[in-house]
Amino acid sequence: MDNLNIAIADSSELKKQTEYAQKLAEKGFDFGFAVGSAFVGSMRNTHYRHTGTALDELLDNSIEAGATEIHIAFGYEGKSTSKLKSLAVIDNGHGMVPNMIRLAAAWGGTHRQDERTGFGRFGFGLPSASVNQALKFTIYSIVESGKWHAVSVDLEEIAEGKHTDQTGKVLVPEVEEVDPPEWVLDYITANYSDNPLRHGTIVLWEKLDRITWSTTAGMTKNLLQHFGVTYRNYVQRVKIVLDQKRVEPLDPLFTTPGFRYFDEDEDRAIPFEPARIEVKSRHSDKKVAVQVRFSRFPLSFFSIDKAKDAVRGNQLARWAVTNENSGIIVCRMGRQIDLVERTPWGGLEKFRNDDRYWAIELDFPAELDEEFTIANSKQGVVMSDRIWDMLRDAGIEAAIRRFRKEITAEQAERRANRDEPHQGGRVSELSMRDSEKFTRERAGGNSPERERKAREALEQHVKRRAKEEKKSLAQVEAEVQEEISAHPYKVVFDSHPGAPFYRVEQIGGQRVLEINKAHRFYSSIYAAHGVDRYVRAGLEILLFSLGEGELDAQGNLDKSSFYTVEKNVWSEKLDLALTSLEKFVFQTEIGAE
């Protein structure tokens, strides 16, 4: 991927760290967090969606430090491994010099200030994520040919004033030469080929009071999926291990062979040609590219039993992934950042449940940070009007509308097809046939014109079938007459763009109702979500009844012309009104939230 260009750390990073820390020390930097412990407490409220998004901050740092292996190890109390007591992120990156460890514990302590070569730019991630999830965090680090040093920050001690100077400023504790806890060293011995670690960093969280999943099983299941999605473009070059289980790449568009759930069953996502949008960076004045990927999912994509909806008990693992990633997925330099669930485009102001059957991913380079306004926690973006305009010009808006239209049509057809007729026919066909015994006979019966057209339609039908099936006319006519006798009423479906929403034809003694799937009546009313079998059968009966009036009008020029003209008018007005109805209902639902 073009945007997968995080700079790999080398020995010059340690030199930069040393110079940065020395420069601050010479200026008399006092290693203060901020004025007052209230600041530290308030930083606990930095928004993270869950423990996984907080841990992302630490994984970002590890990748930037040139780590080839990152392990998230779980610590327990006693022999029970069901509930976590502590958590350690261990990497084999270049490590940090002692003063840099102390700076890393403070907000803004980074030598990469406003650089565009890595994930972070401001030095807020490690302390913000750590205090958000735990009351105590410790940073251990070692550089090549060095020894382990550490800084430990305990919020309960800060609240007691233990690290506050005479002016009320909270200071980062002094660096100590100390080894990591025994259980962490045991984990490294058992799981790292490079043992002992000659260089690297460990961030240990203790007093875990805000983690999202308190059990090992819940934490493992959710984090394996989250890291697989977030770092899908990195886990093949950086080994990420969670509680001794390697994280597998997981593409939420499900179009990358070899990635998790790509071939969970026989269904496959449908990929589309990627797009590339050239944008002039306001930061460097250079042209850079936003990469766009698209995919569509079959309606059966998330179902175990393909004939049924993906409801509880019938959902593949893909379902949970899509529920977490339904919308416009935004990546920065190949690392997933956010999910945009609203657009400025009319009718697409908010995505809906059915939008889970398509996926769009944007991947932008750090040069465009000003256009995407990333939150400090690297979880949210606010795209500029300029970017939205470029996306529209590149066809993103049109693609979403096309996906919605296709999915609506497919869902409508699926719902309609579920009304399987039982042995005697569809319930509407049986109801019409049963109602005949209560219908009064017309004086003189059907008009001669209606009878003539019914005979001609039958003859044409028999000839067409005989040709298609390569049978004799006599054989086909006998079969058709038998079918008509068994089913004097029949419902069929076809697609005729621009035609009326229904038509009724008489073929011999059979009334055939054809419902036009290309008309909005079909998707917005007849086969709309929530419309059950009873309502569909009722609509079929209504159209059969209207059609009977049309058939009776045959032979009467005025009546026949009325139906021909008016039905076209009804269909046009119905289409326009249903379009408006969808808009107003959608706006009402938004306003009611």
*Using θ = phi - 60° and the Karplus relation 6.51 cos²θ - 1.76 cosθ + 1.60, list the HN-Hα couplings for the stretch 474-481 in order, rounded to whole Hz, with x at every Gly or Pro.*
5, 5, 5, 4, 5, 5, 5, 4
*asked:* If R₀ is 60 angstrom, what is the calculated FRET efficiency for the pair residue 475 and residue 50, using the beta carbon separation as r and rounding to 0.05?
replied: 0.30
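With the contact rule set at Cα under 8 Å and sequence spacing of 6 or more, what percent relative contact order holds for the chain?
Value for the chain: 10 percent.
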*If you take the charge dipole of the chain about its Cα centre, with +1 on Lys and Arg Cβ and -1 on Asp and Glu Cβ, which of 374, 229, 90 is farthest toward its positive end?*
229
*Answer with one residue from 148, 178, 504: the one whose Cα lies farthest towards the positive end of the charge dipole of the chain, charges on Cβ with Lys, Arg +1 and Asp, Glu -1.*
504
_FRET efficiency, residue 245 to residue 210 (Cβ-Cβ, R0 25 Å, nearest 0.05)_ = 0.60
*In whole Hz, what ³J(HN,Hα) sequence does the stretch 218-230 give by Karplus (6.51, -1.76, 1.60; θ = phi - 60°), x for Gly and Pro?*
x, 4, 5, 4, 6, 6, 4, 5, 4, 5, x, 6, 4
*Add +1 for every Lys or Arg and -1 for every Asp or Glu among the other residues with Cβ under 15 Å from the Cβ of residue 189, and state the total.*
-4
*asked:* Run the reach check for residue 280 against lysines, Cα to Cα strictly under 25 Å, same-chain hits fewer than 8 apart removed. What comes back?
replied: 378
*Around residue 178, which amide H atoms from residues at least 5 apart in sequence, or from another chain, sit under 5 Å from its own amide H, with H modelled in the peptide plane?*
149, 150
*Sequence of 558, 91, 494 from largest to smallest accessible area, 1.4 Å probe*: 558, 494, 91
*asked:* Per 0.36 nm of contour for each residue apart, how much would the distance between residue 494 and residue 81 grow if the chain were fully extended, relative to their Cα-Cα spacing?
replied: 142.7 nm
_How far apart, in nanometres, would the label points at residue 562 and residue 256 be if each is projected 7 angstrom from Cα along the Cα-to-Cβ direction?_
6.6 nm
*Filter the GluC sites (Glu not before Pro) in the stretch 430-538 down to the DSSP loop ones having no more than 11 other Cβ atoms within 10 Å, then list what survives.*
441
*For the stretch 430-551, with only Lys/Arg (+1) and Asp/Glu (-1) charged at the beta-carbon, what is the dipole magnitude about the Cα centre, in debye rounded to 20?*
180 debye
*What net charge is computed for the residues neighbouring residue 402, neighbours being all others with C-beta under 14 Å from the C-beta of residue 402, Lys and Arg scored +1, Asp and Glu -1?*
-1
*In whole angstrom, and with the biggest value first, how far do the Cα coordinates of the chain range along each principal axis?*
111, 53, 45
*Among the listed pairs 350/567; 490/567; 463/573, give every one whose C-alpha distance is greater than 27 Å.*
350/567; 463/573
*Please give the length that would be gained between residue 191 and residue 280 if that part of the chain were fully extended, namely 0.36 nm times their separation in residues minus their C-alpha to C-alpha distance (nm, one decimal).*
27.5 nm
_Assigned charges on the beta-carbon of Lys, Arg, Asp, Glu; the chain dipole about Cα centre (debye)_ = 980 debye
*GluC sites (Glu not before Pro) lying in DSSP loop within the stretch 334-414, provided at most 15 other Cβ fall within 10 Å*: 341, 349
*Taking amide H positions as placed 1.01 Å from N in the peptide plane, with prolines and chain starts having none, which residues 5 or more places from residue 75, or on another chain, fall under 5 Å of its amide H?*
85, 86, 87, 88
_Calculated FRET efficiency for the pair residue 431/residue 307, C-beta based, R₀ 35 Å, to 0.05_ = 0.85
*Taking θ as phi - 60°, what are the ³J(HN,Hα) couplings along the stretch 456-468 by the Karplus curve (6.51, -1.76, 1.60), each to the nearest whole Hz, with x for Gly and Pro?*
5, 5, 5, 4, 5, 4, 5, 4, 5, 5, 4, 5, 5
*Sequence-distant or interchain residues sharing an amide H contact under 5 Å with residue 337, placed H: which?*
330, 331, 332
*Note down the net charge around residue 69, summing +1 for each Lys or Arg and -1 for each Asp or Glu among other residues with Cβ under 9 Å from its Cβ.*
-1
*asked:* Loop-only trypsin sites (Lys or Arg not before Pro) in the stretch 281-334, please: DSSP not H, G, I, E or B, and at most 12 other Cβ atoms within 10 Å.
replied: 286, 308, 312
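The values are calculated or read from the model by the stated rules, or taken from the named source; none is laboratory data. For clarity, every value in this text was computed on a predicted model and none was experimentally measured. Every residue, glycine as well, gets a Cβ built from its backbone with ideal geometry; the counts of neighbours run over all protein chains shown. Note: areas computed on protein heavy atoms with side chains; ligands, DNA, RNA excluded. Shrake-Rupley method; radii C 1.70, N 1.55, O 1.52, S 1.80 Å.
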